[in-house]
Amino acid sequence: MLLLVLTGLAWMVQIMTMMKFLLSYGIELTSFLGLTILMVPFIISIIVPFVTFIAIIFVYNKLISDNEITVMAAAGLSPYQIAKPALIIAAILTVLHLILNLWIVPITQAKFYNTQWNLRYGLAHMKLQESAFTQLANGLVVYVDKVSGHDLSQVMLSDMRDESAPITIFAEKGKLVSTTRGLSIVMSNGALQTNGSTMTTGTFESFDMDLNVADKEGESVFKVRRIPTYNLISTVLDSPSEKQHKMVLAELCTRFLGPFMNIILAALCATILLKTSLLRRRASFAPAFAVAAMAVAMSLFMSASNIIGSITGLGLLALSLFIVLCGILFVLLKK
């Protein structure tokens, strides 16, 4: 229930941050909501360890305040036996978190960025109105008399993006097409006029013009979240640039080691609460101490994952997490 509530809140925040995208590009509400839903798996992958910790601290603190832990301990149950349900649910969430990180999140993130690009610059976005001027980009205006799908009639195109060489095109027919270069408009039976250092005019039977309305800089950004895990591992072995190398290692750390923070935080929370539950007066400080320990643990993990510079460092971090988990479980098992 906590996971659903926090995911819903985060999703609403995501909708608010992308509202400008909805208004600027005139996207249909259903397409916009479908785009934001693609972010939900990524949101869940971030908040799962915190949700696990909060749920465990809530349940066990309630048991402590009602003296039920004291009764169970008096009945002969060890701290490990009492903590076992928390460790089981944390182990299950760790497995599900791994599946989410290794397969689902990369797929949905790739779909998110591709859908976002298509809604901004693809054919789905180019809904030209009949007998109206449509501004496709700053300095690029298209007028069409009739629109039938992506087929256009009586087209007028004005391209003023290059002030030194503005272009004006008139054509009887046109068609919007999506190519590997981006969005293009193919016009037939028309005339062209350019005003550079000299004026040039001419006619054509067919003219293919790249609209170049896509954000090329945004597309060139290296986004590791949308790369499949297998390809991400290959990218490390291929030795990309130093900056990309660190980004890839940090992402691999998040995907492979991040889920294990579920069971580490669960064990840490259960150990602190159960070991202090019989201290009576000091037991009231256990939740605050557990929260502080969780904050320190997550901060150290995130800091370490961002400074890793080699595969060896990734292996050492994995070994460190294993040692920490074993140490917490040893304290929990110790009477």
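Taken together, the values in this text are just the output of simple stated rules run on the coordinates, not laboratory data. Keep in mind that what you see is a predicted model, and the values were worked out from it rather than measured. Glycine gets a Cβ as well: all are built from the backbone with ideal geometry, and neighbour counts include every protein chain shown.
A few remarks follow.
- Per-residue extension of 0.36 nm, minus the Cα-Cα distance of Ser153 and Thr30, leaves a gain of 41.4 nm for this segment.
- Take each peptide in 41-54, 191-204, 88-101, 318-331, count the other Cβ atoms within 10 Å of every residue, and average; sorted highest first, the result is 41-54, 88-101, 318-331, 191-204.
- Helix axis angle, 105-121 relative to the chain longest principal axis, alpha carbon, degrees: 30 degrees
- Distance in nm between pseudo-label sites at Thr168 and Asp210 (7 Å out along the Cβ direction from Cα): 2.6 nm
- For the chain, the longest principal axis of the Cα atoms and the long axis of helix 261-276 meet at an angle of about 30 degrees.
- GluC sites (Glu not before Pro) within the stretch 146-211, DSSP loop, no more than 15 other Cβ atoms inside 10 Å: Glu163
- Helix-only CD estimate at 222 nm, as mean residue ellipticity for the chain, using -39500 (n - 2.57) per DSSP H run (n ≥ 4): -18500 deg cm²/dmol
- Listed candidates (i) 24.5; (ii) 16.6; (iii) 22.2 - label of the one calculated as mean projected area of the Cα convex hull in nm²: (iii)
- The alpha carbon gyration tensor of the stretch 132-212 gives principal lengths a ≥ b ≥ c with a/c of 1.5 or higher and a/b greater than b/c, which makes the shape prolate.
- Degrees, to the nearest 10: 2-17 long Cα axis against longest axis of the chain: 30 degrees
- Rounded to the nearest whole Hz, the Karplus-based 3J(HN,Hα) values (6.51 cos²θ - 1.76 cosθ + 1.60, θ = phi - 60°) of the stretch 309-324 follow the sequence x, 7, 5, 4, x, 5, x, 5, 5, 4, 5, 5, 5, 5, 5, 4, with x at glycine and proline.
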